[in-house]
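Right, one structure below, let's go through it.
The values are calculated or read from the model by the stated rules, or taken from the named source; none is laboratory data. Fair warning: this is a prediction, and the values are worked out from it, not measured in the lab. Here the Cβ is made from the backbone with ideal geometry for all residues, glycine too, and neighbour counts use every protein chain on show.
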Amino acid sequence: MTNHLRALIAGFAASMALACSLAQAQQPAFPNKPLRIVVPYAAGGLSDIQVRAIAEPLGKLLGQPVVVDNKPGASGAIGTQAVATAAPDGHTLVFANNGFVMTPHLNRNAGYDALRDFTPVSRVSSTPMVLLVNNDVPASTMTEFIDYIRYQRAPVEYGSVGTASFGHMSMALLAQAASMKMVHVPYRGEAPLVQALRAGQVQALFTPPSPLMMDAVRARQVRLLGVASARPTAMLPGVKPIADTVRGFSAEVWFGLFVPSSTPVAHIARLNEALDKVLALPDIQAKFASVGALASPSTPAAFQEITRAESARWANLIRTTGLKVE
């Protein structure tokens, strides 16, 4: 190779390196403006409490303020739609739960496709549902409960905080898995629901282990029969998983962050890394635990697997039972 050819090659390599450096320099840093996390539910709920707990430390790590924007309505569809159509640059996220994948199956006019229109950033928390019964229900184990339901002449009534709520869907899933006939009775909120269970207006319900519900258990106003986690959980020591009786059954509420599809992978990775650090903070974990949630970060790929599996699971239940949003 001649010295002239070597010089040409070296010059070309230097030019390419300079071009790459300039291209990188021209790309704006991420994030380069405040981030907005849309909560598709009203202020003060479990979603709102969790996202407001992480907003400030997340903003400090990312170097930009994080604004929480509550956009309730249409079972979460209004706020979720707003994020689906936002610029896919990583600055607008939605803080979603299981309803995010359920709603499009329940309502064809939801206005978004959870799997097509969004990319997961990370799961934030998870909470296994618990099965509570009225004290007059003659069952202290899951086997006794299932036998009791099966042998009633009329379907046993169960409550939830509303049609298509996770409590409603979880009990419908259990009834299907255990071949039980039950009737759903919706209530407007957690307080009237637990009162209805205490008074015997409904005989059972599925709920997250919230302070209100667990206070009723500790006061022996209602009875806790099982937890809907796949395995025993440290959140509820000594409580047997329903899966010990109904093989493969689980019902866990999860919360997580999603961005519009086509958001750059590097931006998603930056968000995931920062969120992982925030969720490792002891004060954040304690705040979550105080409302019955477990900080549960994940990789984007792992969270995508969770959401795909959840979508298929609830789609099957909705199709086979004919559940619809009323």
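Checking each residue in segment 305-326 for being loosely packed, with under 12 Cβ neighbours inside 10 Å and part of a helix (DSSP H, G or I) picks out Ala309, Arg319, Thr320. Has segment 196-206 got any residue that is over 24 Å from Thr163 (Cβ atoms) and out of contact with any helix residue (DSSP H, G or I) (no Cβ under 8 Å at 6 or more places or on another chain)? No. Of the listed requirements (1) touching a Ser or Thr at 6+ places or on another chain (Cβ under 9 Å); (2) within 30 Å of Val38 (Cα to Cα), Lys240 misses just one: (2).
Hey, does segment 267-290 have a residue that's buried (at least 17 other Cβ atoms within 10 Å of the Cβ), assigned to a loop (DSSP other than H, G, I, E, B) and either assigned by TED's automatic domain parsing to the domain that holds Asp89 or at pLDDT 95 or above (or both)?
Taking segment 267-290 as the starting set, the residues that turn out to be buried (at least 17 other Cβ atoms within 10 Å of the Cβ) are 267-268, 270-272, 274-275, 278-279, 284, 287-288.
Going one step further and asking which of them are assigned to a loop (DSSP other than H, G, I, E, B), we end up with none.
No, segment 267-290 contains no residue that is buried (at least 17 other Cβ atoms within 10 Å of the Cβ), assigned to a loop (DSSP other than H, G, I, E, B) and either assigned by TED's automatic domain parsing to the domain that holds Asp89 or at pLDDT 95 or above (or both).
Working only within segment 244-266, note down all residues that are part of a helix (DSSP H, G or I) and not aliphatic (A, V, I, L, M). Walk me through how you get there before you give the answer.
Residues of segment 244-266 part of a helix (DSSP H, G or I): 244, 265-266.
Residue satisfying the conditions is Asp244 alone.
Would you confirm, using the coordinates I've provided, whether Glu252 is farther than 20 Å from Thr119 by Cβ, acidic (Asp, Glu) and surrounded by 17 or more Cβ atoms within 10 Å (Cβ to Cβ)? So Glu252 passes the test.
The requirement of being more than 20 Å from Thr127 (Cβ to Cβ), out of contact with any strand residue (DSSP E or B) (no Cβ under 7 Å at 6 or more places or on another chain) and of a type in the set (Asp, Glu) is fulfilled somewhere in segment 315-326, by at least one residue. The number of residues in segment 226-279 that are among the basic types (Lys, Arg), within 20 Å of the chain's Cα centre (by Cα) and farther than 18 Å from Pro297 by Cα comes to 1.
Which of the residues spanning segment 173-194 are farther than 30 Å from Ala312 by Cβ and exposed (fewer than 15 other Cβ atoms within 10 Å of the Cβ)? I'd like the intermediate steps shown before the answer.
Looking only at segment 173-194, we keep the residues that are farther than 30 Å from Ala312 by Cβ, and these are 188-189, 191-192, 194.
Those that are farther than 30 Å from Ala312 by Cβ and exposed (fewer than 15 other Cβ atoms within 10 Å of the Cβ): Arg188, Gly189, Ala191, Pro192.
Residues Thr85, Thr2: which one is at pLDDT below 85, out of contact with any helix residue (DSSP H, G or I) (no Cβ under 7 Å at 6 or more places or on another chain) and of a type in the set (Ser, Thr, Tyr)?
Thr2
Counting just the residues of segment 102-125 that are of a type in the set (Gly, Ala, Ser) and at pLDDT 95 or above, which one comes out nearest to Leu317 (Cα to Cα)?
Filtering segment 102-125 for residues of a type in the set (Gly, Ala, Ser) gives 110-111, 114, 122, 125.
If we keep only those that are at pLDDT 95 or above too, we end up with 114, 122, 125.
Details: Ala114: 17, Ser122: 25, Ser125: 24 Å.
Applying the filter and picking the extreme gives Ala114.
Of the residues screened, Ile49 is one that is modelled with pLDDT under 95 and in contact with a helix residue (DSSP H, G or I) (Cβ under 9 Å, 6 or more places away or on another chain).
Before we move on, is Thr320 at pLDDT 95 or above and not charged (D, E, K, R)? The answer is no for Thr320. Of the residues making up segment 123-130, at least one is within 21 Å of Gly238 (Cβ to Cβ), touching an Asp or Glu at 6+ places or on another chain (Cβ under 6 Å) and small (Gly, Ala, Ser).
Would you confirm whether any residue within segment 214-224 is closer than 16 Å to Gly167 by Cα and buried (at least 21 other Cβ atoms within 10 Å of the Cβ)?
Pass one, segment 214-224, residues closer than 16 Å to Gly167 by Cα: 214, 224.
So of that shortlist, the ones also buried (at least 21 other Cβ atoms within 10 Å of the Cβ) come out as none.
There is no residue in segment 214-224 that is closer than 16 Å to Gly167 by Cα and buried (at least 21 other Cβ atoms within 10 Å of the Cβ).
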